[in-house]
Amino acid sequence: MKYNSDQDHALISLVNEFETMSQQGIVSFLDEQDFLKLINYYEKEFLFEKAIEVADYALNQYGFSADFHIKKAQLFLATRNSEKAMSILDQAEMFAPAELDIHVLRAKIFSSLGQYTQALTLIDLIKEKASEGELSDIYLCEAQVFECLKEYEKMFESLRQSLHFDPDNEEALERVWVCTELTKKYVESIDFHKDVIDRNPYAYLAWYNLGHAYSCEGEYDLAIDAYEYSFIINEEFELGYRECADLCFQMCKYEKALGFYLDALELFGPDSDLLANIGECYMEMRQYERAKDYFSKASKLDPYNDEVYYYLGLCHAKEDRWLSAINAYFKAIEIEDRREEYFSNLAMAFSKVGEFAKAHYYYLKATEIGPEQCEIWKDHIAFLIELGELEKALEVVEEADFNAVGTELIYCRAACLFALENRNDAMETLRMALIEDLDMANMIFEILPALKDDLQVHHLISYYLSEVL
């Protein structure tokens, strides 16, 4: 935790003073606000046993305080001790029978015990007596019950009601996105969050949720704008920077993504994944030295981040430094040996240095791990054709057809048939591939570059292109 203000220093001083007294077994008189500050501090640090200890000291001094009984009940509920929480809540009700928080907490305890009917009945009774200012938390509690029941449509509606009464309710805004994912109500989520933002333009989580909904609907530019507003409003909202940058990267807006990643680095400090993200941007921008620098920094922060070594390998490969690439790929595989792309790129690197037996072996490993991946079969077949192992290439095509489905494999078969000089069957197979997916037409030249000079092949492709036009 970072402590910058005088208020933060005062809190740390209070915590240190309390812990000293606690170790000595004598806690002197503290006012109620100090006890509440201590409880909240330990709760935020997830030190629930310590928070309960403070609550016990507080109740020794303020035994008739409903607030401390409620707080202790909340702590027991957080530690999944629902029976104790209910017992303490009964005591709190003796001192403040009309306190709304007691009844809301009781409904939460009912829900934690699986007594959902009792929870919902109690919530309905509370709604009748609550003021408008209290209804947001009540509907949030109702949403939590529906979530436990897996009634996500009702959960979504309860969260809408919660935010209708309080568009600033951050817990409701956090849960509504989870509910949107579960119900796939992306269009409704867009309309709903626009309404929240109309009433509170500075609700950064509403902007964040809106970005998610736009992204799921394929409105990527609008999603980026919404994500940006989330961290413009709240500069400390790290998730907003990350999601925005990730989406920019997926859209190949590498410079924009890099800017957001660098902002996050400056504001929140480095971690291995963030440094790797920055390295990926530089790699896509063909600034390989900078990319390698960030990948190396990432590997030092987390030596077990296999993707970092894989990306280092890709950079070395782009620079035709194949031995360095091989070394990096092996490091990635030592950490994670179930990623087919690691083995496929390792195979390619071995083929570049003339180690063809090893290349063939690692292509086989790649297709064994990811048999459904057409791209890897295509690379293996192209490698065999280049070696002149044409019968073996055709055997791999047959094996690929058994394991994967994709137009790539039809182009592979056509290339093998051309290489074997079975021209009639090759042209017919190419015709089938073009009908299946004309956008992949250039793939035939990737697999068998010699066809770039084949006029008949070009005429066939041109014919189907003209049919589309």
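Coordinate-derived values only; no laboratory data. In this text the structure is predicted, and so the values were computed from the model without any measurement. Because the Cβ atoms are built from the backbone with ideal geometry, glycine has one as well, and the counts that use them run over all protein chains shown.
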For this session: Note down the magnitude of the dipole of the chain about its Cα centre, charges +1 on Lys and Arg C-beta and -1 on Asp and Glu C-beta and zero elsewhere, to the nearest 20 debye.
Result: 640
Exercise. Put +1 on the Cβ of every Lys and Arg and -1 on every Asp and Glu Cβ in the chain; which of 237, 382, 186 then has its Cα farthest towards the positive end of the dipole?
Worked result: 382
Problem set entry | trypsin sites (Lys or Arg not before Pro) restricted to DSSP loop in the range 148-207 with at most 15 other C-beta within 10 Å | 150, 184
Seminar exercise, completed: If one compares the long axis through the Cα atoms of helix 254-268 with the longest principal axis of the Cα atoms of the chain, the angle in degrees, nearest 10, works out at 30
Exercise. Assigning unit charges at the beta carbon (Lys, Arg +1; Asp, Glu -1) and nothing else, what dipole magnitude in debye, to the nearest 20, does the range 44-194 show about its Cα centre?
Worked result: 360
Problem set entry | Separation of alpha-carbon centers, the range 136-196 and the range 306-355, rounded to whole Å | 46
Problem set entry | Shape category assigned to the range 365-438 from the gyration tensor of Cα positions, a/c cut at 1.5 | oblate
For this session: Identify, among 206, 26, 164, the residue whose Cα sits farthest towards the positive end of the charge dipole of the chain, taking +1 on the Cβ of Lys and Arg and -1 on the Cβ of Asp and Glu, with the dipole about the Cα centre.
Result: 26
Seminar exercise, completed: Read-out Cα Rg over 2.2 N^0.38 Å, candidates (1) 2.57; (2) 1.36; (3) 1.55; calculated match is (2)
Exercise. Which one of 298, 317, 277 is farthest out on the positive end of the charge dipole of the range 270-370, using unit charges on Cβ (Lys, Arg +1; Asp, Glu -1) and the Cα centre as origin?
Worked result: 317
